[in-house]
Amino acid sequence: MATFDFDAVVVGGGVAGACTAALMAKAGFNVCLLDQRIPNPPDDETSARVVALSLGSQRILNHAGAWSLLGEEHATAYGEMRVESGQGVLRFRADEHGLPALGWIVEIPRIQHALWTVLKDHPKVSIQAPSHWHDWSPIEGGIKIRLADEKGDLTASLTTRVLIGADGAQSRLRQSAGIETTQWDYNQRALIGPVTTETPNPGMAWQRFTPLGPLALLPLPDGQSSIVWSITNTEADRLAKLDPQALVETINEVLVESHPHASKTHPTLDPITPMGALAQLHQAHWLPLKRIRADRLIGNPDQGPLVLVGDAGHSVHPLAGQGLNMGLADAAALVECLNAADQTKNMDSEQPWQKALVRYNRWRLSASTLNASGIHFINEISRAPMGLGKHSLGLSFMVANRLWPVREAMIQKACGIDRDSPALAQGGQPKTSPSAK
């Protein structure tokens, strides 16, 4: 078998790429992480870029060695989830399903920083940053990739058993491989940012389908919440012009109008959210919403072993907060497939990882498409005219609340621990590859 500089070269040091590199190194493989910049350490202020990490993702990050570096003060657990639409309410509690938590709200820069800390100290990891790839080409059993500096001057040439693209939704590596994508522009933007409510958030992930779009409040440290409100571009243009206090008042008005037991003309004593009204919105940001799906997650056989993870292969609507969780599942699934190939490889094969990449492509393309399609369907039906979508969702919530098997299946899927999830997410421990260097 040919000798390579690395078992894997990972292009892109975001959360998905850094986690892939960490898991590969944990499995015993030699890894090179390539990124155009070195991320700055997170500051003390709460970032608007937060994610609802599932239990499965927490297990993956824990195995990678990053979870313990986050610190309890930066990972806010939530044990209750509540979704409202019309008269319907869907509730989940972690203790009812025997789980330690339903998920954790964590700032994305802190996850990335924790993963990079793991990588910097790992003897099987080489970090090339700031740097970028100039070109790549297939070689026998692997890929040769040439690196360049910021001026475009060639700096190094590396060989690898597999080239992993984790360079985001606009992936340059995916484009260079000629992998086509299917894209949807939702004509929506999401308002995100930390908010203060009348009463502290007790550790609940809450969401309501309002007339303008789904609005979620996710728990942050010190009782604050992170708002995620997806609305049309037309409404976003109008609301973005308001001063912060006027925007808060408008949000509260929409919450009153969408409350199942209250309105402007018939108020009740019920709070408009479980935490009461919004009092202050900090650091408001507006993000355009699009969905991108690669037609395949691996290169053609004649291109050599190239594979995509995270947003390079799929990005989704933030409605269910699954985007980054899907990327972490990609990382765990890829390492699981490569490990399995090394455990049971055919010694007569010149490319023992080729079938592993085909298996990964079939597995994760199916799983990510199913998740993204479900989120897409809910988003579209919620926008049906005359409130039909809202009431349809509400009815389905009421039915699901009464059917325990349905609830159990939904919670396992939402927590990323169902049978289609990687072994790490389900709580298993993958073996170390016997052929890792």
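No value in this document is a laboratory result; all are computed from the given coordinates. Since we're looking at a predicted model, the values are computed, not measured. Glycine gets a Cβ as well: all are built from the backbone with ideal geometry, and neighbour counts include every protein chain shown.
Based on the Cβ-Cβ distance of residue 256 and residue 149, what FRET efficiency does E = 1/(1 + (r/R0)^6) give at R0 = 60 Å, to the nearest 0.05?
That gives a FRET efficiency of 0.60.
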**Report entry** Gyration tensor (alpha-carbon) shape descriptor, segment 187-288, a/c threshold 1.5
**Finding:** oblate
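In a shell of Cβ-Cβ distance under 13 Å around residue 148, excluding residue 148 itself, what net charge do Lys and Arg (+1) and Asp and Glu (-1) give?
So the environment of residue 148 carries a net charge of -1.
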Query raised in the report: Let a ≥ b ≥ c be the square roots of the eigenvalues of the Cα gyration tensor of segment 11-125; is it rounded (a/c under 1.5), or, if not, prolate (a/b larger than b/c) or oblate?
Result: prolate
Query raised in the report: What spacing in nm lies between the two simple spin-label points modelled at residue 245 and residue 410, each 7 Å away from Cα in the Cβ direction?
Result: 4.0 nm
Requested in this report: Work through the residues other than residue 314 whose Cβ is under 12 Å from its Cβ and net out their charges, Lys, Arg +1 and Asp, Glu -1.
Outcome: +3
Query raised in the report: Taking the Cβ of residue 16 as the center, what net charge do the other residues with Cβ under 11 Å away carry, scoring Lys and Arg +1 and Asp and Glu -1?
Result: -3
Query raised in the report: Quick one: putting +1 on the C-beta of Lys and Arg, -1 on the C-beta of Asp and Glu, what dipole do you get for segment 169-308 around its Cα centre, in Debye to the nearest 20?
Result: 440 debye
Report task. Compute the distance in nm between two label points, each set 7 Å from the Cα along the Cα-to-Cβ direction, one at residue 302 and one at residue 129. Result -> 3.6 nm
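Based only on other Cβ atoms within 10 Å, what is the fewest-to-most ordering of 151, 144, 241? Display every interim value, and only then the final one.
Working: 151 6, 144 17, 241 9.
Listing 151, 144, 241 from fewest to most nearby Cβ atoms yields 151, 241, 144.
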Report summary line: Once amide hydrogens are built 1.01 Å from N within the peptide plane, the residues lying 5 or more places from residue 197 or on another chain with amide H under 5 Å from its amide H are 225, 279
Requested in this report: Mind checking the full-extension length gain between residue 157 and residue 172? Use 0.36 nm per residue of separation minus the Cα-Cα distance, one decimal, nm.
Outcome: 3.5 nm
Query raised in the report: Distance in nm between label sites at residue 362 and residue 37, each 7 Å beyond Cα in the beta-carbon direction?
Result: 4.1 nm
